[in-house]
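Working notes, structure below.
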Amino acid sequence: MLLMSNLLSGAGIVSGITSIRAASSRTARLMMAEAVINAPGRPVRVASIYAPNGNPTETPKFDYKLQWLKRLRQHAHELLPHEEAFVLGGDLNVILTEDDLYDPRAWEGDALYRPESIAALRAILNLGLTDAYRACHTEPHRYTFWDYQAGAWAKDHGIRIDYLLLSPQATDRLTGCAIDKYVRGWEKPSDHVPVWAEIGE
């Protein structure tokens, strides 16, 4: 079974049972497309995520981002007791480590690289989820996003902000994961490229 970080984006077409789930609080509303994919073998629950950017950080947008990530953690926490294979995938708008960007100084103060954002993503991972790409690759400076400005693509000035976060049951079935960087070189590309993972039976 091949899963991609943008599996449910765009038209939102996927084989399986799809629902839109909302988890509300007074400060943030978590919206995602979630599907149970009944592929041959055991099913996998997949959620397609687009997290808030959070900039500018001196505005309510940053607090909203942090509350949104807190709600995502709560959703993952509620899924884990079911002991099913699930994947939370998409643009989380967080740069997790220095290995995930070309120049830390260039991103100082940005919502994507603020300590609070990093801590929020680590809190999700610390539930027992696995960053599929890092489970398969340890080499630094492998990116999923290059801005359209300042020649970022040509200079390889990228960041890694797209993730596939796997439950323990999905991690046990992980057989591969990669970033399709070449897609960024296509004519009129997205500024993001796909991240894919293969989940075995």
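A short reminder: the numbers here are calculations on the coordinates, not readings from a lab. What you are looking at is a predicted structure, and each value in this text was computed from that prediction instead of being measured. So basically every Cβ, Gly included, is an ideal-geometry build from the backbone, and we count neighbours across all protein chains shown.
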Query raised in the report: How would you rank Val94, Val183, going from fewest to most other Cβ atoms within 10 Å of each one's own Cβ?
Result: Val183, Val94
Query raised in the report: What whole-number value in cubic angstrom gives the convex hull volume per residue for the C-alpha atoms of the chain?
Result: 122 Å³
Query - Average Cα contact separation per residue, the chain, under 8 Å, 6 or more apart, as relative contact order % - result: 23 percent
Query raised in the report: Where the centroid of each part is defined by its Cα atoms, how far is the range 125-201 from the range 83-110 in Å?
Result: 10 Å
Report task. Using only the Cα atoms of the range 48-91, each taken as one equal point scatterer with no solvent, compute I(q) by the Debye sum, divide by I(0), and report log10 of the ratio at q = 0.24 Å⁻¹. Result -> -0.84
Query raised in the report: Taking only C-alpha pairs under 8 Å that are 6+ residues apart, what is the relative contact order of the range 27-88 in percent?
Result: 37 percent
Query raised in the report: Quick one: Kirkwood hydrodynamic radius for the range 39-124, alpha-carbon pairs, angstrom, one decimal?
Result: 14.1 Å
